[in-house]
Amino acid sequence: MPVRVQTEDFDVSAELKALRAGRPQVGAVAMFVGTVRDINEGDAVSAMELEHYPGMTESSLQAMIDQAHQRWDVLDCLIVHRVGRLAPLDQIVLVIVSSAHRKQAFEACEYLMDFLKTEAPFWKKESTLEGTRWVEARETDEAAAARWAQPPAP
């Protein structure tokens, strides 16, 4: 399945190996691994809690993958996103895209990450020395996603 939302950690090497298995047409793989930072907006972060709506979240992520397949000539895509309580250095998200050529893989991977940051139904709450706070979307993330409104260059 190209989309998984889970509490347990993921093994990047195993996921990459599984995505490429038996696929000699794969000439490029682009990948992104997101982790919990120990500082955000200048404040020390001791933990992050990620919440989601089961079913709705997976459908939303699958729609993003479907869009990537429509926009680029990619062979396969995978999104693994964790939920629950995570600590600094913990892995949060894995996006892997395979294609015959690097440009397609890079662009589709970046597209998926930009839309994960802005459209995916996840809610993040950080624990800091001052208490907990919800993480708001950043203008830079919105600007990154907005650039995909144009069709891809051939």
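Computed values, structure above
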item	result
Filtered residues of the range 108-143 (kept if more than 17 Å from residue 34 (Cα to Cα) and either open to solvent by less than 50 Å² (accessible area, probe 1.4 Å) or under 11 Å from the mean Cα position of the chain (by Cα) (or both))	127, 128, 131
Residue 13, sole failed condition from (1) small (Gly, Ala, Ser); (2) farther than 20 Å from residue 121 by Cα; (3) within 14 Å of the chain's Cα centre (by Cα)	(3)
Output for the range 1-34, where each listed residue is open to solvent by less than 80 Å² (accessible area, probe 1.4 Å), assigned to a helix (DSSP H, G or I) and in contact (Cβ under 8 Å) with a residue 60 or more places away in the chain	12, 15, 16, 19
Filter result (within 17 Å of residue 82 (Cα to Cα) and surrounded by 15 or more Cβ atoms within 10 Å (Cβ to Cβ)) within the range 35-56	36, 47, 48, 49, 50, 52
Test: residue in the range 95-108 that is polar (S, T, N, Q), part of a helix (DSSP H, G or I) and in contact with a Pro (Cβ under 8 Å, 6 or more places away or on another chain)	no
Scope the range 75-106; condition open to solvent by 10 Å² or more (accessible area, probe 1.4 Å) and in contact with a Phe, Trp or Tyr (Cβ under 6 Å, 6 or more places away or on another chain); matching residues	104
Verdict on residue 59 being assigned to a helix (DSSP H, G or I) and either surrounded by fewer than 16 Cβ atoms within 10 Å (Cβ to Cβ) or without any contact (Cβ under 8 Å) to a residue 40 or more places away in the chain (or both)	yes
Test result for residue 148, out of contact with any helix residue (DSSP H, G or I) (no Cβ under 7 Å at 6 or more places or on another chain), surrounded by fewer than 20 Cβ atoms within 10 Å (Cβ to Cβ) and of a type in the set (Phe, Trp, Tyr)	no
Residues of the range 69-110 classified as of a type in the set (S, T, N, Q) and free of Cβ contacts under 8 Å to residues at least 40 places away in the same chain, total	1
Members of the range 70-104 found to be small (Gly, Ala, Ser) and under 21 Å from residue 10 (Cα atoms), listed by number	84, 87, 98
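The values are calculated or read from the model by the stated rules, or taken from the named source; none is laboratory data. Here the structure is a predicted model, which means the values were calculated and not measured. Ideal geometry is used to build each Cβ from the backbone, glycine not excepted, and the neighbour counts take in all protein chains shown. In case anyone asks, the SASA skips ligands and DNA or RNA and just uses the protein heavy atoms, side chains included. Shrake-Rupley method; radii C 1.70, N 1.55, O 1.52, S 1.80 Å.
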